[in-house]
Amino acid sequence: MGEPKRHRILMVSDFFYPNFGGVENHIYYLSQCLLKLGHKVVVMTHAYGNRSGVRYMTGGLKVYYVPWKPFLMQNTLPTFYGTLPIIRTILIREKISLVHGHQAFSTLCHEALMHSRTMGCRVVFTDHSLYGFGDVGSIHMNKVLQFTLADVSQAICVSHTSKENTVLRSGLPPEKVFVISNAVDTAMFKPALERPSDNEIVIVVISRLVYRKGADLLVEVIPEVCRLYPNVRFIVGGDGPKRVRLEQMREKHSLQDRVEMLGAVPHARVRSVLISGHIFLNSSLTEAFCIAILEAASCGLLTVSTRVGGVPEVLPDDMVVLAEPDPSDMVLAINKAISILPTIDPQVMHDRMKKLYNWHDVAKRTEIVYDRALKCSNQSLLERLSRYLSCGAWAGKLFCLVVVIDFLLFRLLQLWQPAEDIEVVPDILLSQGEDKRDADKLRVFNGDQCLK
């Protein structure tokens, strides 16, 4: 048997370090594991503050912080064609064979996938979120996703619920969509050496305090739980517009000594907050896949969560108590969790998580999707336009116009700056010793420490 094919991958998203979140973690850990499998991985994102240009992270991961500033919610301003020259330059300089875009919210992702297809690269898209069908924002977002996925080689979703949602929104054939769940770095999220005292039950919440994450539910659930259980205390980590409501609730019910508000928690400190508790509470109203639940379970916490989106797929039934997104049902779920808490062994739970979720397994499964994407035929412009025309009576024609203009601009760029005039960069190959040292650094990394 011959050696497995080495891919040259460009990861693209508006969401990457130093920003923290599920998408950022996914891109980072997936890239690190793909590097260990022998592939070349480069990340492209927008500039963060004064962090612009090329940076290197752990394991030799190269990151292009292109000089575009975020416009709204960490997204760059949609320009359609403004990013074409720099994306073309990166693809040629790094000899990229496959472009992997992340998150339907990301403007940079959509533009990069369109330009990459115009240049003949195969593209893969990973959807990390769930969207509705009724409101104006969702309708607009679904049409943009339909445009992007009309010409995608393969797609990945993080849960089966997310796959159903993406197929319905985009019209993509189900056989082109794969389900590869997220994972957790169990080496970073370990249980405490000594379990917290059972005299006081600590419930931990770590989340962005926004409507979508169910912050309004917490406002109603926390006072009721504190009334029913005098030995229960809450630790709330996170920031957002709903933090004011939580602080008002704490003042109204005189719970200052029982509800601790930590504010924004750096990712490097998340474990230290988790291991101080017994139960992890997730109140999300919509969730494709909740990495926070994995991190909590890996630290040995019993999880109470709303039964929404892909959450029921995340953990086995004996590791999570599910409830409807209703205050009374969530109080009952917390009651059940408190009753079964004595049967929970944090170390056993951690060992099970090590077997269930592994980033190296995610990377190997993603590698299979890449292989399939590269086997897809490279369609001509006319064949691509026929696919865009099927997106709607008016939208299809508009999509075709956008793609034709993109193709013409690409041809003009070829004349103005031929590919032969763009210098190809050498690859960085780490020795075994360096690779092992970097693996150790990965376990203790945080956003700024890992940048070199």
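The values are calculated or read from the model by the stated rules, or taken from the named source; none is laboratory data. The shown structure was predicted, so the numbers you read here are calculated from the model rather than taken from an experiment. All Cβ positions, even for glycine, are placed from backbone atoms using ideal geometry, and neighbour counts span all protein chains on display. Only protein heavy atoms, including side chains, enter the accessible area calculation; ligands, DNA and RNA are left aside. Shrake-Rupley method; radii C 1.70, N 1.55, O 1.52, S 1.80 Å.
Summary of computed values
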read-out	value
Within region 215-254: Cβ-based charge dipole about Cα centre, in debye rounded to nearest 20 (Lys, Arg +1; Asp, Glu -1)	80 debye
Simple Cβ-charge dipole of the chain, Lys/Arg +1 and Asp/Glu -1, about Cα centre, in debye nearest 20	960 debye
Within region 304-406, trypsin sites (Lys or Arg not before Pro) in DSSP loop having at most 16 other beta-carbon neighbours inside 10 Å	Arg307
In region 147-203, GluC sites (Glu not before Pro) in a DSSP loop with at most 15 other beta-carbon atoms within 10 Å	Glu194, Glu200
Cα-based equivalent ellipsoid, region 355-396: semi-axes from gyration tensor eigenvalues, Å	35, 15, 5
Translational diffusion coefficient (Stokes-Einstein; Kirkwood radius from C-alpha pairs) of region 187-287 at 25 °C, 0.890 mPa s, in µm²/s	175 µm²/s
Relative contact order for region 201-306, counting Cα pairs under 8 Å that sit 6 or more residues apart, in percent	35 percent
Two-decimal ratio, region 84-130, of alpha-carbon radius of gyration to 2.2 N^0.38 Å	1.12
Long-range Cα-Cα pairs in region 38-196 (distance over 28 Å), rounded percent	29 percent
Rounded to whole Å, sorted largest first: equivalent-ellipsoid semi-axes of region 44-109, Cα gyration tensor	19, 16, 12
³J(HN,Hα) computed for each position of region 372-384 - Karplus, 6.51 cos²θ - 1.76 cosθ + 1.60, integer Hz, glycine/proline x	5, 5, 6, 7, 5, 5, 8, 6, 6, 4, 5, 5, 5
Calculated from backbone phi, Karplus (6.51, -1.76, 1.60) coupling profile of region 327-337 in Hz, x at Gly/Pro	x, 5, 5, 5, 5, 5, 5, 5, 4, 5, 4
Relative contact order (percent, whole number), the chain, Cα cutoff 8 Å, 6+ residue spacing	17 percent
Longest site-free stretch - the chain; sites: chymotrypsin sites (Phe, Trp or Tyr not before Pro), DSSP loop, at most 11 other Cβ within 10 Å	134-393
Convex hull of region 264-368 built on C-alpha atoms - directionally averaged projected area, nm²	7.5 nm²
For q = 0.32, 0.33 Å⁻¹, Debye-computed log10 I/I(0) when each Cα of region 252-291 counts as one equal scatterer	-1.15, -1.15
Electrostatic dipole magnitude of region 63-153 [Cβ: Lys, Arg +1; Asp, Glu -1; Cα centre; debye, to 20]	320 debye
Which listed pairs, of Lys176/Lys364; Lys69/Lys163; Lys163/Lys355, have C-alpha distances above 27 Å, in listed order	Lys69/Lys163
Apportionment of accessible area to carbon and sulfur, the chain, percent (1.4 Å)	57 percent
Prolate/oblate/rounded label for region 23-79 (Cα gyration tensor, a/c 1.5)	prolate
Per residue convex hull volume, Cα atoms of region 1-114, in Å³	107 Å³
Karplus (6.51, -1.76, 1.60) ³J(HN,Hα), θ = phi - 60°, over region 66-76, in Hz, Gly and Pro reported as x	5, x, 10, 8, x, 9, 8, 6, 6, 9, 7
Residues with amide H under 5 Å from that of His100, placed H, sequence gap 5 or more	Leu10, Met11, Val12, Val124
